[in-house]
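In what follows, a single structure is set out as C-alpha cells and then discussed.
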Amino acid sequence: MPDILYVGLQDEDKIAVFALDGDSGELTKRADAAATGGPSVMAIGPDRNTLYVGCRTRPSIAGYRIEPSTGSLSLLGTAAQVDAPTFLAPDRTGRYMLCAYYQGGYVAVYPIAADGTIDAAPIDKQETAVGAHAIATDPSNRFAFVPHIARIQDNVLEPPKNNPGPNVILQYRFNAQTGRLSPNTPHRVEQGDLIGPRHYIHHPSLDVVYFSNEQGCSVTAYRIDGANGTLSSVQTTTTLPAGHSERTTCSQIHLTPSGRLLYVGNRAVNGSSIAAFSLDPETGHLTAAGHIPTEAVPSAFCLDPAGHFLFAAGTASGRLASYRINQQSGALTAVALEEVGHRPAAVLATRIG
C-alpha cells in the first residue's frame, strides 16, 4: 500500500500532495488540492479514507475523500465555523470529530456522517479558556484532555507578550455512545510557572501520555489511571540542547508506532531543532537521544506510518526537511530539503489503499 504526505499551505489556500517512498523517504509531488480559508490543521479518519482540514483565515472544517491509489483529494463538504479550529481528532470509532478552539476558548464535538462529512452544528460544546490547544480521546475512547498554554499569542518571531494564559490541563470523560464530554474529577491538572502544555500523544501499549510544553520547552510524561482517566506527573525533561539560550517555544510531539522513540519540535528564529528521546519499554521514562537543527519555526512535523522518517515543515522558511530515523538510537539523519510553499502550517503522512 502506498504512503502519501499532505502539506497544508496556509498562505496559498491549498494542500500539496506528495507520494512518499517508504524505503528511501523520497517525496514526489503529485498534485495540489484547493483548500480555501488557510489550511492550518489536519487529521485523518480511522479508515484512512478521509482527510479533515481545519482552516484559519476563513474558519471551517472540510472533509476530503482520499483516492486510494493516488492519494488525490476530492472535497466532500465544508462546515463553516465561528472560530478557527486549532486541533482536530476523530474519536477512536470515527463517529465523532473532537475540536479545540484556541481563540474561542472551548472544545466541541461534531458527528461524522457515513459519507465522511462533518455536521456544522456540534452535539457538545465545553467552555474552557482562551489558549485551548488540543483534544483527543485516549486509547480506551473514554477520556480526553485539553491542554492550555501559559502565554497567549506567544509568537516566537516576536518579543514575548505579557499576556498570561490558563497554563492547565483539563480532564474530561467521553461518552462514545452520545459523543458528549463531561468534566472529570479532578477537572484541572495545574502546572508550574510558564509550562504551557500544548499537544500530547499516548503511548501505544503503556498507560502513559506525553505532553509537549510550549513555554516550558520540555516534555512531561504522565501516568493515566485506566479506571478514572486522571493524570499523574511522572517525569519532565527539557527539549533544548545544552547551552541553548535563544527565545524558543515547543510545538508538536510525535511517537514512533513501536513506542520506543519520541520527538518534539523546538521553534526559534535561528536555532530551531527537533529533540529526540528514547523510551523505556517497561516504564515509558524518557532519555534524551540528541537534537538536530531544522527549518525555522517547525510548528508542524510528522512521522511516516512506519516510523522510519520524520518530516519537519519550516513555517518561516517555506521548506520541508526530511530525516531518516535510526531505529536503535533515535538519531535523525538529514535526507532532503525542498521548497513547498508559503507558510506550511500542517503536515501529515498516511498509508492509503
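The values are calculated or read from the model by the stated rules, or taken from the named source; none is laboratory data. The structure displayed is predicted, hence computed values, not measured ones. Counting neighbours? That spans all protein chains shown, and the Cβs are built from the backbone with ideal geometry, glycine included. With ligands, DNA and RNA removed, areas are computed over all heavy atoms of the protein, side chains included. Shrake-Rupley method; radii C 1.70, N 1.55, O 1.52, S 1.80 Å.
Candidates in segment 5-60 are the residues that are among the aromatic types (Phe, Trp, Tyr) and under 19 Å from the mean Cα position of the chain (by Cα); of these, the one that is farthest from PHE301 (Cα to Cα) is TYR52. Among the residues of segment 284-295, those that are β-branched (Val, Ile, Thr) and surrounded by fewer than 23 Cβ atoms within 10 Å (Cβ to Cβ) comprise THR287, ILE292. Restricting segment 107-129 to residues that are over 20 Å from PRO39 (Cα atoms) and in a loop (DSSP other than H, G, I, E, B) leaves a set whose member that is most open to solvent (accessible area, probe 1.4 Å) is ALA114. Among the residues of segment 273-283, not a single one is assigned to a loop (DSSP other than H, G, I, E, B) and crowded, with 19+ Cβ neighbours inside 10 Å. Restricted to segment 170-220, and to residues there that are open to solvent by 60 Å² or more (accessible area, probe 1.4 Å) and among the hydroxyl-bearing types (Ser, Thr, Tyr), the residue that is farthest from LEU261 (Cα to Cα) is THR178.
Within segment 61-106, being under 18 Å from the mean Cα position of the chain (by Cα), buried (at least 17 other Cβ atoms within 10 Å of the Cβ), more than 17 Å from ILE149 (Cβ to Cβ) and among the small types (Gly, Ala, Ser) holds for ALA62, GLY63, ALA89.
Give segment 240-252 a look and list any residue that's open to solvent by less than 10 Å² (accessible area, probe 1.4 Å) and not hydroxyl-bearing (Ser, Thr, Tyr), or say none. Walk me through it before giving the result.
To start, the set of residues in segment 240-252 that are open to solvent by less than 10 Å² (accessible area, probe 1.4 Å) comprises 249-251.
The one that is open to solvent by less than 10 Å² (accessible area, probe 1.4 Å) and not hydroxyl-bearing (Ser, Thr, Tyr): CYS250.
Buried (at least 18 other Cβ atoms within 10 Å of the Cβ) and of a type outside the set (Lys, Arg): does that describe PRO298?
On the way: buried (at least 18 other Cβ atoms within 10 Å of the Cβ): yes; of a type outside the set (Lys, Arg): yes.
Yes.
With respect to being more than 21 Å from the chain's Cα centre (by Cα) and at pLDDT 95 or above, SER232 fits the description.
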